[in-house]
1. What residue, among those in the stretch 290-321 that are among the aromatic types (Phe, Trp, Tyr) and either assigned to a helix (DSSP H, G or I) or modelled with pLDDT under 95 (or both), is most open to solvent (accessible area, probe 1.4 Å)?
2. May I ask you to verify whether Asn660 is open to solvent by 50 Å² or more (accessible area, probe 1.4 Å), free of Cβ contacts under 8 Å to residues at least 60 places away in the same chain and more than 39 Å from the chain's Cα centre (by Cα)?
3. Among what's in the stretch 350-390 and is outside any strand (DSSP E or B) and open to solvent by less than 10 Å² (accessible area, probe 1.4 Å), pick the residue that is farthest from Gln407 (Cα to Cα).
4. Going through the stretch 1-53 one residue at a time, which ones are part of a strand (DSSP E or B) and under 22 Å from Phe223 (Cα atoms)?
5. Out of Gly17, Gly95, report the one residue that is of a type outside the set (Ser, Thr, Tyr) and either open to solvent by 70 Å² or more (accessible area, probe 1.4 Å) or at pLDDT 95 or above (or both).
6. Going through Lys607, Lys596 one at a time, which residue ends up being farther than 26 Å from Lys414 by Cα, more than 41 Å from the chain's Cα centre (by Cα) and open to solvent by 10 Å² or more (accessible area, probe 1.4 Å)?
7. Just a yes or no: is a residue in the stretch 610-618 more than 17 Å from Met646 (Cα to Cα) and either among the aliphatic types (A, V, I, L, M) or not in a helix (DSSP H, G or I) (or both)?
8. Just checking, how many residues over the stretch 580-593 are surrounded by 13 or more Cβ atoms within 10 Å (Cβ to Cβ) and within 18 Å of Ile647 (Cα to Cα)?
Amino acid sequence: MVKIKFPDGNVKEFESGVTGMDIAKSISHKLAKEVLSISVNGVTWDLMRGITTDSEIKLYTWDDEEGRHAFWHSSAHLMAEALQAIYPNIKFGIGPAIENGFYYDVDPGEGVAIQEKDLAEIEKKMLELARKNEEYCRIDVSKQEALNHFSSLNETYKVELINDLEDGTITYYRQGDFTDLCRGPHLPNTSYIKAIKLTSVAGAYWRGNEHNKMLTRIYGITFPKQKMLDEWLVLMEEAKQRDHRKIGKEMELFMFSQAVGSGLPMWLPKGAMLRDRLEAFLRKVQKKYGYEQVITPHIGNVNLYKTSGHFQKYGKDSFQVITTPQEGEEFMLNISQWCGQFMLKPMNCPHHCEMYKFKPRSYKDLPVRFAEFGTVYRYEQSGELHGLTRVRGFTQDDAHLFCTPDQLKEEFKKVIDIIFTIFKALSFENFTAQVSLRDPNNKEKYIGTDENWEKAESAIIEAAAEKGLKTTVELGEAAFYGPKLDFMVKDAIGRKWQLGTIQVDYNLPERFELEYTGADNQKHRPVMIHRAPFGSMERFVAVLIEHTGGKFPLWLTPDQVVVLPISEKYNDYAQKVVNFLNNSDIRTVLDDRNEKIGRKIRDNELKKIPYMLIVGEQEMNENKVSVRRQGEGDKGSMTTEEFAEMINKEVEAQLNSIYNE
């Protein structure tokens, strides 16, 4: 017999070899139909794997990330089985579950290309195989057995993976005619998979190395019910309409140019205005909390990043001349002619550490709070670039706080308050916080002493608890120099984004030998807090666009009003209205194109301008405007003075609700 402890603390005895499915059936028939995987002593297992020792368990359904992971991982194997049937010479790379679905990297064979038009045939084959109710069977094998098996199939990518594995840790999973190298976990059988959508085909370098062969990556998503897929497809259509790349172009916010370089966004006038207002908003909030703005260079001596440890940690990825497989596409990062090597700045914190050292500091001077909208540059592979969310040059709303250990928790809580203010102002109402700690089983990945790590982790956990934050804990997700608190927001259509981060750091003050004189007249090390509430301006604006669909709050939107004359006869009056409103601090533009008024209204609806003022003969004679509100239609007519007063009151109310909490 084995003792099984449930999440609520109850303990029951079962026969040795009991499976997760057996346990679910002992609870209820409904649960047995819904359960997808099981956690056994903190490790996720297949439901059909026998438990032979006393264990703590948790059963996972579709509502749990671990349950969906098993479902989508199994779906990746099902897709691979279908691909193997359709493309006999195909070779397989890796096929993981991801946040929403799965993918598989494959080499279709010489002269064979898998394209978007082929996905329907693959989906059809997947459904055919799923209905066969094929079991996912876990098989333990030796390293030599695995090498022999995959070598005989000429699966060169699998052989390469096996060579990196320890003997005694290798398992296969087999369903039907397909066998894969895999740790699992998986569903009991393929019949769970009822609805399938393969979403896209892309290129991906083997093992993420651009010097390796480009494989074909096929993305997909599956569900246990067709209704769930139908709902997801509606959501994806909404996501397409909210795509920040589409809306950014329609609203003329930003652009990219191959002549400038991939991953290097350029902000157009309206986008620059939007970004400036976001920066001004944060500056005003930060001023309330005692921050001081600073500016640092775009380059730094390589020794600066060696002192911080960033060069040693990320040198292969972020600190090299940016080159890409595209001929002629090269970006200069190294400048070696000047008394040493200089590099484009990949982060701001080392510069701020040097600023702290500018003069002696007393405990009476602390906390010191340096804030900067600092542009940094990091290499991203061409295939990873995506609009404003993955770029090679971006501006962080960075700040670094230097405080005494006694001040740490209070300062951390104040940063949380700043993030709360931002989320409220921009209607991010659904969010959680992730406490990212170091991996206790892999401490060599991190710098610093155990004592400092324990103090930093405790400070974050306590501060989050005292602010009433709903948190999850993730081991192994800390920065290499310290733990952090990451804010995860859900947008208007339920997608999850990471926005805002706060990190506690005892290590950079050690590496830069930062000091302050304490009340005891002795030298002490300050504690450092890294924080970026927006994360980066580029990523934040992308998420904000997709969250709002481009319909920004009135106080923030680049153009608040557009004036639409019915015909050219009324252009002079329309210009008079524009001038009056701009002089009343209302951002107003004129659309005096020789187009019908219906066309003008439709075009400006796409630009997401909140108010449209239509002027014709009656409005001109009465010194009035006809008002249309974005998404609401006709709001009647009023004088320009009345309209200006209404707009300014609306903006004032919005800003008061933000600043006067």
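1. To start, the set of residues in the stretch 290-321 that are among the aromatic types (Phe, Trp, Tyr) comprises 291, 305, 311, 314, 319.
When the remaining residues are screened for being either assigned to a helix (DSSP H, G or I) or modelled with pLDDT under 95 (or both), the result is 305, 311, 314, 319.
Working: Tyr305: 0, Phe311: 61, Tyr314: 82, Phe319: 12 Å².
The extreme case among them is Tyr314.
2. no
3. Filtering the stretch 350-390 down to residues outside any strand (DSSP E or B) leaves 350-361, 363-367, 378-385, 387-389.
From the residues that got through so far, the ones that are open to solvent by less than 10 Å² (accessible area, probe 1.4 Å) too are 350, 352-353, 356, 388.
Working: Pro350: 22, His352: 19, Cys353: 18, Tyr356: 17, Leu388: 36 Å.
Checked the stretch 350-390; the qualifying residue farthest from Gln407 (Cα to Cα) is Leu388.
4. Taking the stretch 1-53 first, the residues part of a strand (DSSP E or B) are 2-5, 11-14, 18, 37-40, 43-45, 51.
Residues satisfying the conditions are Ser37, Ile38, Ser39, Thr44, Trp45.
5. On the way: Gly17 fails: either open to solvent by 70 Å² or more (accessible area, probe 1.4 Å) or at pLDDT 95 or above (or both).
Matching residue, one of Gly17, Gly95: Gly95.
6. On inspection, the qualifying residue turns out to be Lys596.
7. First pass over the stretch 610-618, keeping only residues more than 17 Å from Met646 (Cα to Cα): 615-618.
Adding the requirement that they be either among the aliphatic types (A, V, I, L, M) or not in a helix (DSSP H, G or I) (or both) leaves 615-616.
For the stretch 610-618, residues more than 17 Å from Met646 (Cα to Cα) and either among the aliphatic types (A, V, I, L, M) or not in a helix (DSSP H, G or I) (or both): present.
8. Within the stretch 580-593, residues that are surrounded by 13 or more Cβ atoms within 10 Å (Cβ to Cβ) and within 18 Å of Ile647 (Cα to Cα) number 9.
The values are calculated or read from the model by the stated rules, or taken from the named source; none is laboratory data. None of these values were measured; they are calculated from a predicted model. Note that we place each Cβ from the backbone using ideal geometry, even for glycine, and neighbour counts take in every protein chain shown. When the accessible area is computed, the model is the full protein with side chains, heavy atoms only, and any ligands, DNA or RNA have been set aside. Shrake-Rupley method; radii C 1.70, N 1.55, O 1.52, S 1.80 Å.
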